[in-house]
Amino acid sequence: MNGFSIADCTTVNAALSQLKDGAVVKAGGVDLLDRMKDGIQQPDRLVNIRNVAELRGIRETDQGLTIGPLATLAEISDHPHIREHYQILADACGHAATPHIRNMATVGGNLLQHVQCWYYRSSDFQCIRHGKDLCFAFEGLNQYHAIMEYSTCPSVAPSSAAVALLGLGASVELTSAKRGKRTLGIRDLYIVPDANPTKFTVIEPDELITAILIPKPAPGTRSAYQKYGEKESFDWAIADAGVVLEMDGDICKRAVITMGAASPVVRRSSQAEAALVGKPINEETARAAGKVSVEGATPLSQNAYKLDLFPVAVYRTVLLAAGKMDRDPSAAG
Amino acid sequence: MTKEPIEDAITAQVAAPAKKTVQMPVGVPGYTLAEESRSVPATEPPVWPTNKDLKYVGQSIERYDGQLKASGRARYTSDIQLPGMLYAKFVNATVPHAKIVSIDTAAAEKYPGVKGVHVIQHVLGNAELRNPALEGQVKYPVVRYAGQPIAAVAATTPYAAEEAAALIKVKYQAMPFVVDDVEARHPDAPNVFPGAADEAGSAGGGGGPNDVKQTGNVHGPSVHKHGDTEQGFKDADAVVEAHYVTQVQTHSALETHGVVADWKPDLLTVYASTQGTSGVREELAGFFKIPLTKVRVITEYMGGGFGAKFGAGNPGVVAAALSKKTGAPVRLMLDRSEEHLSVGNRPSSDQVLRIGAKKDGTLTAIHLLAYGTAGCGTGAGCAGPAQNLYQTASLHTEENDVFINAGPGAAMRAPGHPQGAFALEQTMDELAVKLSMDPIDLRDKADSHPVRRVERQIVRESDLWKSRNPVAGSDKGPVKRGVGLAQSVWYRFVSMGSNAEVRIHKDGSLEVLSAVQDIGSGVRTVMAQILAEQFGVPPSQISVKVGDTTYPEGPQSGGSVTTLSLTPAVRDAAWQASQKFLADIAPAFGTTADDLVLIDGEVRSQSGKFTPISFKRAASKMSSSQIAVHAKRVPDYDPKKYLTYGGVDVAEVEVDTELGRIHVRRVLSVHDCGRPMNPAQTISQINGGIIQGISFTLFENRLLDPKYGLMVNPDLEQYKIAGSREIPEIDVRLVEAYIGQSSTDASGIGEAAGVVSIGAAIANAVYNATGVRVRSTPMTPAVVLAALRTQGKEMA
């Protein structure tokens, strides 16, 4: 790790005023310090926002829910209102990483973590994400990589929280000292590597996430998220699924199906959603949705097995959301 | 594994020591317990009864240092801080195969805080050419793997050391490389060495044979034969053959390799994370050409070894050299990446195993053709189980090491055996299916070991085994349950360099000293228990001093030798000290030594000359301030008997056939280790072996990028290792198996402890669940789904 200075801030304004000259925001420090220790990011200056009280907290509003970006994954997954009305988010935050990390990691930092591709994370490989010419995964070891929607870089979206927030139609409020506030949907937060491989999000160096806004779910909404890994404890997803169902009696009125570990940026599967809308939720329809969730996938040399996993993740999570199946003991965490 | 079966030549020349004949318990209580006579040195203590009649030995006494470790007060090597200590950092090769043209250290030497730079002239651990001339004159060691240490920097802070190390410029002349072991066997593959090369084993084993031929990268075969296998397969009613592949596993101990070296003119003191204080001392004294008396090695607490921590190694030698150069203590602890790359691993295996048997299960032939890679080292042989677990009319094993450009292998917990048993015990399971025999009946026929026979009986009667559905793959639904078993074998190695000193002080306090290091197996506690048993005082009152070469030489902890080698020396010293003590105090009580006995913490007169008095009060009558007795290990009483031991492990799994995911639910582990000295500690080692074995079987995998020759997962995040949720309910049944070999009759457990057999037990359980065999590890979803798909089609 390189040497650096750190500015400790206790207010949003103080933090914003420090965001200049290449300074990097540090919240929980979980992913940032990993990147610094791995030598793939070497900032001279960190701005510590962990003690900014106004960025903490989870508040119910008339429109839904406002979550401070410094809320920890543990706080979110333990929150009674979230557990009751936003199960998908409680699931995603509650099954990330380990209990220790969930106590430290903030939801804002979780959304902004970089991909886990081992080539990107190694200072021995200077890949396209670091502004060089090569992606090493295409011809190298790619068992954990993407099966769809990649052409430049097949690393996969690392944030479970993003899979849930995309499902809930959440947005992110960004604030800069110069330009004020702007609000973006979760999908618009991320830059696909085909557009710009060296940038992961649209957040500018002088911007902070100041709130995460989740609309109130329509009546009859049920949701769930499940993640599958090679291990149960402390593993990254090899397949995952977020499901939000708006039910009208037995019939599914609206469905949102989201996936993380399939593509470089979190995605919705419109095919899977279409397979459910207007139908009752049962094993047959859930499996049909699972099957089409990998339509058009183009696996790499070592990850065709994911074509088997995602349909299972989707169908079991659809049934879990609908209350027709217990939480899957095979799901991680 | 230290093998010193022959007594010192000097001992042989003096008159044979007086002997006495004793009766000893032999066998398993409740099953086969009987008495056998042994002729033993007259100085040996009385024979202990079985554990049920002992007060402290054989009891689950609380781990002597458990609270210190759990509360963070135990000082490990990585906790050592000395005044003026410098921090050292290695510079490691960034390419997998190269000659080093030049090393420019100028910028690093000028960097603020840097006190010394050392360039490695002789790298340790790699195999070495039989004929070094083949490589010509090289200025620096040839780089044979990415991560090989090249130089090191010592600085006043770890940050300065790291930053300065990055400034050292190494110019490489790149050479072609190979990191795939199958590709490396090809005649056209780049050669890791220009000729035959060998790696010496350590006190923990490892290393390959040095008398075999080498063709390209293939070092071998090492051949073992008995009988005529061609005839054996002709005689067979059933033959099974299959191909098995296991991956490279790294040791991944919690505490990485490292030392703090403090070079003073009169003494080099080294705090080392090691499994053998004496081996570190020997290597440093040899390397720097200084007397053994000028080197002191200290290992108070040890954060895990598993076979890779013997000798000073590159970290020890480099830290000592930097300390000598700078005149300050130097700390050199590896980081996690270095730990994966440069200090050992369990070699891979690629085995074709063929077994023939008669209808009744009698084995007629075993043939094993094995390849495996220990990187740029040797030691991938894995025929131990095939050679030693079963009786067979004929046997032919061929073991080959395959060199690749990766870090050298090292002994790792039962070297070769988890790999070998993975193939052997699955093949036996398959043979049982083919012969329509129960897997336990087949083993009863083919395995004559008397203790495993008892262990199989315990398994047969267990609820877990009874719950096994003998029809494979019969569960409905996507999640299928299965139960499978496998056996293990390990060997009785004795380290004769095992000594202890027992001191009785006039205040009644008791002390036992040995240079032995407690690497977590709990030998400290066991030493206290032995003195407690002898003197009748609670173990907590015994002072135990270990992990320091200033004490009498102790065994190095490899090959499961520690407890079985050292405890007889401790007991002999305690016994002889007690006899000396009684003789010393007898005059003060107006009697003679033969009238006195020491029982339950009291000195008693057998003739009733005085009412019993406490040991402590009796000690105050000692004629001097201290009685000290040094004892060394007496050879095994009957070294031709009971040479192997082992166990039977049963796994219950659930296989999610849609996801290819294996969940190990329960494990029943039935094991023997002679007299269990402290059952809780023994069980703890077996728990550890099971967990490490599950981790090997399902998760761990050193992954090397084939095109660049670099490890892509040198951490504990993408190098996946079992966590708390992967650990099943483990039921250990410890079998007391007396063998009449020493004054304590202890055996080892570290290697036999489940790690050998659990992989095959899981694989056999997966077969029982699904009807499909998974013949490669780690059994990830990708691997299991592929097996289900291809074999499912064959079945349909």
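The values are calculated or read from the model by the stated rules, or taken from the named source; none is laboratory data. Quick caveat, the model's predicted, so the values are computed rather than measured. Reconstructed Cβ throughout: ideal geometry from the backbone, glycine too, with neighbour counts over all protein chains shown.
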Task: the range A:120-161: number of residues that are of a type outside the set (Phe, Trp, Tyr), within 14 Å of another protein chain (Cβ to nearest Cβ) and within 22 Å of A:Asp235 (Cβ to Cβ) - done: 12
- [ ] Please state which of the following conditions A:Glu204 fails to meet, knowing it meets all the rest: (1) more than 28 Å from A:Trp118 (Cα to Cα); (2) in contact (Cβ under 8 Å) with a residue 12 or more places away in the chain.
- [x] (1)
Task: Restricting the range B:37-88 to residues that are within 30 Å of B:Lys115 (Cα to Cα) and of a type in the set (Val, Ile, Thr), the residue that is nearest to the chain's Cα centre (by Cα) - done: B:Thr77
TODO: Kindly check whether there is at least one residue in the range A:310-322 that is out of contact with any helix residue (DSSP H, G or I) (no Cβ under 9 Å at 6 or more places or on another chain) and not aliphatic (A, V, I, L, M).
DONE: no
TODO: Determine which member of the set A:Leu309, A:Leu276 is within 12 Å of chain B (Cβ to nearest Cβ), buried (at least 21 other Cβ atoms within 10 Å of the Cβ) and touching a strand residue (DSSP E or B) at 6+ places or on another chain (Cβ under 9 Å).
DONE: A:Leu309
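For (1) in contact with a Lys or Arg (Cβ under 8 Å, 6 or more places away or on another chain); (2) part of a strand (DSSP E or B); (3) closer than 24 Å to A:Val156 by Cα, each residue gets a yes or a no:
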residue: A:Ala218; (1), (2), (3): yes, no, no
residue: A:Ser223; (1), (2), (3): no, yes, yes
residue: A:Glu246; (1), (2), (3): yes, yes, no
residue: A:Ala289; (1), (2), (3): no, no, yes
residue: A:Asn303; (1), (2), (3): no, no, yes
residue: A:Val314; (1), (2), (3): no, no, yes
residue: A:Lys324; (1), (2), (3): no, no, no
residue: A:Ser330; (1), (2), (3): yes, no, yes
Open item on the list: Given the criterion closer than 30 Å to B:Lys139 by Cβ, at pLDDT 95 or above and either aliphatic (A, V, I, L, M) or surrounded by 11 or more Cβ atoms within 10 Å (Cβ to Cβ) (or both), identify the matching residue among B:Pro29, B:Pro96.
Closed with: B:Pro96
TODO: Go through the range B:685-710 residue by residue and tally those that are within 13 Å of chain A (Cβ to nearest Cβ) and closer than 9 Å to B:Val755 by Cα.
DONE: 2
- [ ] Return the total of residues in the range B:294-348 being in contact with an Asp or Glu (Cβ under 8 Å, 6 or more places away or on another chain), part of a strand (DSSP E or B) and not aliphatic (A, V, I, L, M).
- [x] 2
Open item on the list: Could you go through the range A:256-273 and let me know if any residue there is in a loop (DSSP other than H, G, I, E, B) and within 14 Å of chain B (Cβ to nearest Cβ).
Closed with: yes
Task: Some residue of the range B:399-417 being surrounded by fewer than 24 Cβ atoms within 10 Å (Cβ to Cβ) and over 30 Å from B:Asp262 (Cβ atoms) - done: no
Open item on the list: Return the residues of the range B:249-281 that are in contact with a Gly (Cβ under 8 Å, 6 or more places away or on another chain) and of a type in the set (A, V, I, L, M); say none if nothing qualifies.
Closed with: B:Ala253, B:Leu254, B:Val259, B:Ala261, B:Val270, B:Ala272, B:Val280
Task: Test set (1) within 19 Å of the chain's Cα centre (by Cα); (2) not in a loop (DSSP other than H, G, I, E, B) - B:Met677 fails condition number - done: (2)
Task: Yes/no for A:Ala164 being buried (at least 20 other Cβ atoms within 10 Å of the Cβ) and in a helix (DSSP H, G or I) - done: yes
TODO: Assess whether B:Glu794 counts as being of a type outside the set (A, V, I, L, M), more than 30 Å from B:Pro190 (Cα to Cα), surrounded by fewer than 24 Cβ atoms within 10 Å (Cβ to Cβ) and touching a strand residue (DSSP E or B) at 6+ places or on another chain (Cβ under 8 Å).
DONE: no
- [ ] Could you check, for the range B:711-731, whether at least one of its residues is more than 12 Å from chain A (Cβ to nearest Cβ), touching a helix residue (DSSP H, G or I) at 6+ places or on another chain (Cβ under 8 Å) and not in a loop (DSSP other than H, G, I, E, B)?
- [x] yes
Task: Subset of the range B:627-673 [outside any strand (DSSP E or B) and among the small types (Gly, Ala, Ser)] - done: B:Gly660
- [ ] Tell me which residues, restricted to the range B:707-746, are modelled with pLDDT of 95 or more and either in contact with a Cys (Cβ under 8 Å, 6 or more places away or on another chain) or polar (S, T, N, Q) (or both).
- [x] B:Asn713, B:Gln718, B:Leu734, B:Ala737, B:Gln741, B:Ser742, B:Ser743, B:Thr744, B:Ala746
TODO: Any chance you could count how many residues in the range A:170-191 are more than 15 Å from A:Leu112 (Cβ to Cβ), surrounded by fewer than 16 Cβ atoms within 10 Å (Cβ to Cβ) and not hydroxyl-bearing (Ser, Thr, Tyr)?
DONE: 6
- [ ] Please enumerate the residues belonging to the range B:377-408 that are farther than 23 Å from B:Ile749 by Cβ, part of a loop (DSSP other than H, G, I, E, B) and within 21 Å of the chain's Cα centre (by Cα).
- [x] B:Thr378, B:Ala380, B:Gly407, B:Pro408
- [ ] Just need a number here: residues in the range A:142-161 that are more than 18 Å from the chain's Cα centre (by Cα) and surrounded by 21 or more Cβ atoms within 10 Å (Cβ to Cβ).
- [x] 1
Open item on the list: Which condition from (1) within 14 Å of chain A (Cβ to nearest Cβ); (2) part of a loop (DSSP other than H, G, I, E, B); (3) not hydrophobic (A, V, I, L, M, F, W, C) is the one that B:Ser743 breaks?
Closed with: (1)
Open item on the list: Scan the range B:464-472 and tell me whether some residue there is outside any strand (DSSP E or B), within 25 Å of the chain's Cα centre (by Cα), under 26 Å from B:Gln685 (Cα atoms) and modelled with pLDDT of 95 or more.
Closed with: no
